[in-house]
Amino acid sequence: MFVSSAKPLWDALTTVYDEGSVAFILLEIRILDLIDPSKPIPFAVLLLLLGASVLSWGISLKKLSVLRKAQDGNRTFMRAIRKADTFEQIATASEQCKDAPLVTVFDFGYTELVRQVKLKRKPYNQMALERNLQLGASEEMSRLERNVGWLATIAAVAPFIGLFGTVWGIMDAFNQLSTAGAASLRAVGPGIADALVATAMGLAAAIPAAIFYNHFGHLLRELSARMDDFGLEFLNLTDRTFPD
């Protein structure tokens with residue numbers, strides 16, 4: 001029904017506009033013609049935006065996998081902790097949850113606790129434990145946040161690179177119009193099309209990067225808060241194990 005109703009409208013448009021109109025020019029321009037190595041600036045802009053888009057998706061898919069494994073590992077490790085009665089049992093369970101950020105935090109705290117037990121410190125040095133737990137959390141956050149900053153950079157810069165390609169395409173279009181014998185959309189059409197493609201590529205690279213960056217920021221804040229809470233649970237367990 002839509003096609004049958006749109007055909008009379010298209011026939012009317014083609015009747016009103018002549019062969020040099022916008023509709024016919026856009027139909028004659030192929031996408032592959034827009035990627036023209038003979039135009040170094042537009043070609044470089046498109047390659048740069050394409051590379052930024054590929055980099056953005058590569059980082060995003062990799063980070064999705066890493067953060068999903070981190071969340072699953074944390075849940076598995078916490079279940080093991082609730083079933084354990086001693087630090088030794090938790091240490092044994094941690095060997096089965098290598099992807100859990102909480103395991104790194106536990107290892108830092110447990111290593112310091114074992115060191116203090118060997119030195120026979122009574123009571124244990126709580127400040128030293130807290131510092132080691134914080135160091136473990138900081139190390140894990142640095143690992144989890146690695147390369148996420150590139151998404152923010154792409155989200156912020158890609159639209160401006162696309163805008164540069166747009167401006168350059170419009171300049172080229174007006175230059176062709178000035179050298180043409182008469183003002184014609186056929187003369188400026190390819191330049192305007194280059195400009196529009198650059199704008200679209202810039203947005204295509206920036207929008208997914210911004211969405212993933214915000215999503216990862218939310219997940220990272222949750223993981224950071226969970227590690228802080230785990231540090232408190234570790235200190236509570238230490239108090240129960242060494243009441244003196």
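Considering each of F106, F164 in turn, give the residue that is touching a residue at least 60 places away in the same chain (Cβ under 8 Å) and under 30 Å from V54 (Cβ atoms). Step through it out loud before you land on a result.
Numbers: F106 fails: under 30 Å from V54 (Cβ atoms).
The unique qualifying residue is F164.
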Restricting attention to segment 206-225, and to residues there that are small (G, A, S) and within 8 Å of the chain's Cα centre (by Cα), which single residue is surrounded by the most Cβ atoms within 10 Å (Cβ to Cβ)? A209
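Within segment 226-238, does at least one residue satisfy the condition of being modelled with pLDDT under 80, more than 26 Å from the chain's Cα centre (by Cα) and of a type in the set (V, I, T)?
The initial filter retains those residues of segment 226-238 that are modelled with pLDDT under 80, namely none.
So far as segment 226-238 goes, no, none of its residues is modelled with pLDDT under 80, more than 26 Å from the chain's Cα centre (by Cα) and of a type in the set (V, I, T).
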Can you tell me how many residues within segment 39-75 are over 14 Å from N147 (Cα atoms), assigned to a helix (DSSP H, G or I) and in contact (Cβ under 8 Å) with a residue 60 or more places away in the chain? 11
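In the list L133, L113, which residue meets the criterion of being at pLDDT below 90, of a type outside the set (G, A, S) and over 26 Å from the mean Cα position of the chain (by Cα)? Quick ask: steps written out before the conclusion?
Details: L133 fails: at pLDDT below 90.
Result of the check over L133, L113: L113.
Within segment 133-151, can you find the residues that are assigned to a loop (DSSP other than H, G, I, E, B) and free of Cβ contacts under 8 Å to residues at least 12 places away in the same chain? Show your work before the answer.
First, the residues of segment 133-151 that are assigned to a loop (DSSP other than H, G, I, E, B): 145-147.
Selection gives R146 alone.
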Residues located in segment 226-244, provided they are exposed (fewer than 15 other Cβ atoms within 10 Å of the Cβ) and touching a helix residue (DSSP H, G or I) at 6+ places or on another chain (Cβ under 6 Å): none
Taking the conditions exactly as written (among the hydroxyl-bearing types (S, T, Y), in a helix (DSSP H, G or I), surrounded by fewer than 17 Cβ atoms within 10 Å (Cβ to Cβ) and at pLDDT below 85), does T92 satisfy them or not? yes
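The values are calculated or read from the model by the stated rules, or taken from the named source; none is laboratory data. Predicted model, so just to flag it, every value in this text is computed and none were measured. Because the Cβ atoms are built from the backbone with ideal geometry, glycine has one as well, and the counts that use them run over all protein chains shown.
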